[in-house]
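Asks: Take this structure, written in structure tokens, and hold onto it; I'll ask about it next.
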Ligand code: SF4
């Protein structure tokens, strides 16, 4: 069989860094993986300054982004988020992933002034959005919609991330129509995952998941205005297979995707691991940007016994899985939270989001 | 084993004819979205650089 290249080892230079301006979130979504989301631990500006020292150098050489994640990044407040963003030069792209509930005119002006790209988390129409609730357990939907209306008023383009708890036929076309109406230009569809403090089972009927993806292709095809991450990648992969170039489609190395926690602690590859502790691997952290530059932590990651174990898992995928050229070997957090270790291969997540996805796309074109 | 590993690729090749119009529609849709070199005003920008789509809209090896 043709060798699938790529994903060999971890790059020393990231394409982006995930920053946690506060651990706090004003929502309490049923499936959330964040352990400290009820507490307001804010990132000191020194942490942002330390990261920016490297980020500004990386951005001068290549595209580089900072993603303000959380917690809910807007819960940090404009003044503090602005102070955290300030050390990053204009070449650094800044992104915010927000639950949208705090978005208002002032936030839209804040983003426009800084060229910040916005992505909102919303799971579809009200009845599909029941997992996104306030601390009191009340639906957040009305506030999410209000926040998105502010973005639209300001002509701010935005992306959306959607979590699907029950992937089955009937859901996909409703979702796609909803996001067309919502006006996002890009959509990522995540089948709910078991990770972090979310321990709900995520096994779904394979036929239903395939039918979900297949239906999404049909809905998208009728009006392909939105860039749907899952479909773009599937089509790009099948196109490369037909051209005979699929062996070289994956990135050469894994991106380390450092997540910098509120306190400066760095976790590589999976932000979902930040804040957890394992008897063997400790806190998964590679060090702290207040003690050593991020670029140094990426070259000589300390206390990261789990990274080699994860890379062994990626190699096991390459050796055994016919979907590797499409998938690239899955995510560290999914392996850990499903298998209790990093060197396994198939997970519920990869079945739902990779294998059934590709099969659903093929089902779509094979349909009578 | 090698047969098993080639299975998916073979099945994709089996539906080459059916995939062709879908791939063409996707290409035209990208053009319509200005996902072409130099276009960087959208939320995620420059879609032609698939590997380099920053952040959560990157496909491989991404957090969510
Ligand atoms: S689909 Fe699953 S088993 Fe296959 S390469 Fe991806 S993570 Fe590994």
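Asks: Over segment A:122-180, one equal point on each Cα, no solvent: what is log10 I(q)/I(0) by the Debye formula at q = 0.13, 0.16, 0.25 Å⁻¹?
Replies: Evaluating at q = 0.13, 0.16, 0.25 Å⁻¹ gives log10 I(q)/I(0) of -0.37, -0.55, -1.12.
Asks: Which percent, nearest 5, of DSSP beta bridges in chain A are antiparallel? Intermediate values should be presented prior to the final figure.
Replies: On the way: 9 of 37 bridges.
Around 25 percent antiparallel, to the nearest 5.
Asks: For segment A:39-83, what is the Kirkwood hydrodynamic radius in Å, using each pair of distinct C-alpha atoms?
Replies: After inverting the mean inverse Cα-Cα distance, the result is 11.8 Å.
Asks: For the residue pair residue B:23 and residue A:166, what label-to-label distance in nm results when each label sits 7 Å from Cα along the Cα-to-beta-carbon direction?
Replies: It works out to 3.8 nm between the two label points.
Asks: Separate question: What shape does segment A:16-298 have by the C-alpha gyration tensor, where a ≥ b ≥ c are the square roots of the eigenvalues, rounded means a/c under 1.5, and otherwise prolate means a/b greater than b/c and oblate the rest?
Replies: Numbers: a/c = 1.42, a/b = 1.27, b/c = 1.13.
The shape class here is rounded.
Asks: Suppose each label sits 7 Å from its Cα in the direction of the beta carbon; what would the residue A:341-residue A:3 distance come out to in nanometres?
Replies: My value for the distance between the label points is 2.7 nm.
Asks: Which residues in segment A:254-290 place their backbone N less than 19 Å from a point set 7 Å from the Cα of residue A:53 along the Cα-to-Cβ direction?
Replies: A:258-267, A:286-290
Asks: Mean-square fluctuation check for chain A, GNM, Cα pairs under 10 Å: which of A:267, A:164, A:241 is largest?
Replies: A:241
Asks: To the nearest 0.05, what FRET efficiency results for residue A:218 and residue A:104 with a Förster distance of 41 Å applied to their C-beta separation? Write out the running numbers ahead of the final one.
Replies: Details: r = 37 Å, r/R0 = 0.90.
Efficiency computed from Cβ-Cβ geometry: 0.65.
Asks: Let me ask something else about it. Anyone know which of A:42, A:117, A:153 comes out most mobile in the 10 Å Cα GNM of chain A?
Replies: The residue with the greatest mean-square fluctuation here is A:153.
Asks: Pick from A:22, A:245, A:259: which is most flexible by mean-square fluctuation in a GNM of chain A where alpha carbon atoms under 10 Å apart are linked?
Replies: Result for chain A, Cα springs under 10 Å: A:245 fluctuates most.
Asks: Let's test this: bin the Cα-Cα distances of segment A:295-366 at 5 Å from zero up to the farthest pair and state each bin's percent.
Replies: Per 5 Å bin, starting at 0, the Cα pair percentages come out as 3, 16, 23, 20, 15, 11, 7, 3, 2, 1, 0.
Asks: With n ≥ 4 as the cut-off for DSSP H runs, can you work out [θ] at 222 nm for chain A, using -39500 (n - 2.57) per run divided by the number of residues, rounded to the nearest 500?
Replies: Details: 12 runs with 136 residues, N = 368.
Helix contribution divided over all residues of chain A: -11500 deg cm²/dmol.
Asks: Over segment A:213-290, what number does the Rg to Rh ratio reach, with both radii from the alpha-carbon atoms and Rh per Kirkwood? Display every interim value, and only then the final one.
Replies: Numbers: Rg = 18.9 Å, Rh = 16.0 Å.
Checking Rg against Rh, the ratio lands at 1.18.
Here, each number is a calculation from the coordinates, and none is a lab measurement. In this text the structure is predicted, and so the values were computed from the model without any measurement. Please note: Cβ atoms are built from the backbone with ideal geometry, for glycine as well, and neighbour counts cover all protein chains shown.
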